[in-house]
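Trainee: Before anything else, here's the structure in question.
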Amino acid sequence: MNKVNVIGKRLAILASLAGLFMTQSCSKGPTDGGGDLIGVEGRESWVQTVPYGMVVCPSGTFHMGQADQDVPATQINLNKQVTIGGFYMDETEITNNEYRQFMNVMLEDSVATLGEDYIMAELYPDTTVWVRDFSHHMGDPMMEYYYAHPAFDEYPVVGVDWWAAKYFCEWRTQHMNNWRAENGLWQMPRFRLPSEAEWEYAARGGRDMAKYPWGNPYIRNSKGCMLANFKPGRGNYYDDGFMYTAPVASYFSNDFGLYDMAGNISEWCEDAYYDAAVPIVWDLNPTYYNDDEVRKIIRGGSWKDIAYYLETGTRTFEYQDTAKSYIGFRTVMTYLGRSSGYEF
């Protein structure tokens with residue numbers, strides 16, 4: 001066989017192979033990428049909507065820790081610069097009526113699973129806190145009416161411990177995502193308690209090193225009105241307009257649009273309490289987990305606290321299985337993606 005014939009046969013073979021590959025490519029259609037890596041086509045797009053009653057806390061960096069003098073010299077809230085990813089947060093504390101929606105579902109649908117005794121003892125707000133928390137105090141009217149009466153529907157729920165707050169988060173997640181699944185929508189991230197760092201970042205509202213959510217350094221505005229619900233002086237509870245808790249959003253919001261981040265009620269956070277948590281946690285989305293630690297972080301101060309506990313950098317705790325007349329909570333949801341705040 002001469003050289004010309006050999007070359008001719010080789011060209012014929014190459015031509016037939018090329019035709020085979022073209023036939024295979026055409027038979028599979030465009031979904032294989034035409035030889036390129038293009039990912040899986042036909043996936044739905046994702047746009048995360050702002051849940052009802054929540055506001056955006058965009059990603060950012062701030063100085064976490066005491067913004068003024070450490071009055072009791074605790075040395076537990078030293079300054080540290082940290083970065084926080086974007087999230088949504090309830091614009092107010094969870095109210096009595098919002099918590100009642102949760103309790104109604106528990107009593108209607110979960111008695112067979114959890115048992116009525118567990119629901120009433122562990123999840124139902126402990127109204128006796130109004131009598132037990134303070135000695136020689138006429139708390140009976142608050143015990144009788146605060147959670148049950150519609151006059152207090154828009155007041156923050158209290159008398160729930162850390163475990164009940166976390167169970168509420170689980171129910172709220174399931175409640176939303178069940179509806180989304182029925183309507184063919186992707187699931188949203190879960191509701192949860194905020195980390196201590198997220199809470200402080202949200203309380204500052206973009207005002208880095210601010211003493212209070214509204215800024216520095218006073219607790220009254222230029223007209224002499226109180227800027228939060230707390231205890232201004234010894235025996236003086238009514239100077240801010242309310243003896244006990246106030247209806248949510250009774251005072252101005254901070255720059256993120258969040259109400260009552262100082263005063264009204266203290267709020268449960270996700271973190272376990274540890275004196276040296278600030279220096280040991282990472283500086284990106286820090287959270288201190290410790291299942292063996294029964295003390296959990298509460299933040300923000302309450303109607304019965306002095307101004308020191310209203311400061312954005314003040315740290316304190318309560319035991320996880322303890323309900324109080326001055327502790328409630330609000331929830332957050334992680335934002336999936338880069339959040340500058342301008343995309344909402």
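The values are calculated or read from the model by the stated rules, or taken from the named source; none is laboratory data. Worth saying up front: this structure is predicted, and the values here are computed from it rather than measured. All Cβ positions, even for glycine, are placed from backbone atoms using ideal geometry, and neighbour counts span all protein chains on display. To get the accessible areas, we keep the full protein, side chains included, count just its heavy atoms, and leave off ligands, DNA and RNA. Shrake-Rupley method; radii C 1.70, N 1.55, O 1.52, S 1.80 Å.
Trainee: Among the candidates GLU98, GLU93, which residue alone is in contact with a Pro (Cβ under 9 Å, 6 or more places away or on another chain) and within 18 Å of TRP268 (Cβ to Cβ)?
Mentor: On the way: GLU98 fails: in contact with a Pro (Cβ under 9 Å, 6 or more places away or on another chain).
Testing whether each residue is in contact with a Pro (Cβ under 9 Å, 6 or more places away or on another chain) and within 18 Å of TRP268 (Cβ to Cβ) leaves just GLU93.
Trainee: Continuing with the same structure: If you scan the range 196-222, which residues turn out to be open to solvent by less than 20 Å² (accessible area, probe 1.4 Å), among the small types (Gly, Ala, Ser) and touching a residue at least 24 places away in the same chain (Cβ under 8 Å)?
Mentor: If the condition is that a residue be open to solvent by less than 20 Å² (accessible area, probe 1.4 Å), among the small types (Gly, Ala, Ser) and touching a residue at least 24 places away in the same chain (Cβ under 8 Å), then ALA197, ALA202, ALA203, GLY205, ALA210 are the ones that fit.
Trainee: Of the residues that make up the range 255-276, is at least one over 18 Å from the mean Cα position of the chain (by Cα), not hydroxyl-bearing (Ser, Thr, Tyr) and not in a loop (DSSP other than H, G, I, E, B)?
Mentor: For the range 255-276, residues over 18 Å from the mean Cα position of the chain (by Cα), not hydroxyl-bearing (Ser, Thr, Tyr) and not in a loop (DSSP other than H, G, I, E, B): absent.
Trainee: Restricting attention to the range 282-310, report how many residues are part of a loop (DSSP other than H, G, I, E, B) and either of a type in the set (Val, Ile, Thr) or surrounded by 24 or more Cβ atoms within 10 Å (Cβ to Cβ) (or both). First the steps, then the outcome.
Mentor: Step one: filter the range 282-310 for residues part of a loop (DSSP other than H, G, I, E, B), giving 282-283, 285-294, 300-306.
Add one more test, that the residue is either of a type in the set (Val, Ile, Thr) or surrounded by 24 or more Cβ atoms within 10 Å (Cβ to Cβ) (or both), and what stays is 287, 294, 300-302, 306.
Residues meeting the conditions: 6.
Trainee: For residues that are at pLDDT below 95 and open to solvent by 70 Å² or more (accessible area, probe 1.4 Å), scanning just the range 253-281, find the one that is nearest to TYR326 (Cα to Cα).
Mentor: ASP275
Trainee: Something else: Do any helices (runs of 4 or more DSSP H) entirely within the range 48-162 hold 1 or more residues that are within 20 Å of the chain's Cα centre (by Cα) and surrounded by 14 or more Cβ atoms within 10 Å (Cβ to Cβ), and if so, which? Write out each step before concluding.
Mentor: Details: elements: 96-109, 111-114, 129-132, 140-145.
Passing ranges, in order: 96-109.
Trainee: I've got another one for you. Looking for something in contact with an Asp or Glu (Cβ under 9 Å, 6 or more places away or on another chain), more than 23 Å from GLY337 (Cβ to Cβ) and open to solvent by 20 Å² or more (accessible area, probe 1.4 Å) - is there at least one such residue anywhere in the range 172-191?
Mentor: No, the range 172-191 contains no residue that is in contact with an Asp or Glu (Cβ under 9 Å, 6 or more places away or on another chain), more than 23 Å from GLY337 (Cβ to Cβ) and open to solvent by 20 Å² or more (accessible area, probe 1.4 Å).
Trainee: Can I ask one more? Out of (1) farther than 29 Å from GLN187 by Cβ; (2) free of Cβ contacts under 8 Å to residues at least 40 places away in the same chain, the odd one out for GLN101 is which?
Mentor: The number of the failed condition is (1).
Trainee: Another question, if that's okay. Just need a number here: residues in the range 171-193 that are touching a strand residue (DSSP E or B) at 6+ places or on another chain (Cβ under 8 Å) and either without any contact (Cβ under 8 Å) to a residue 24 or more places away in the chain or in a helix (DSSP H, G or I) (or both). Break it down stepwise before answering.
Mentor: So in the range 171-193, the residues touching a strand residue (DSSP E or B) at 6+ places or on another chain (Cβ under 8 Å) come out as 172-173, 176, 188-193.
Those left that are additionally either without any contact (Cβ under 8 Å) to a residue 24 or more places away in the chain or in a helix (DSSP H, G or I) (or both): 172-173, 176.
Looking only at that region, the number is 3.
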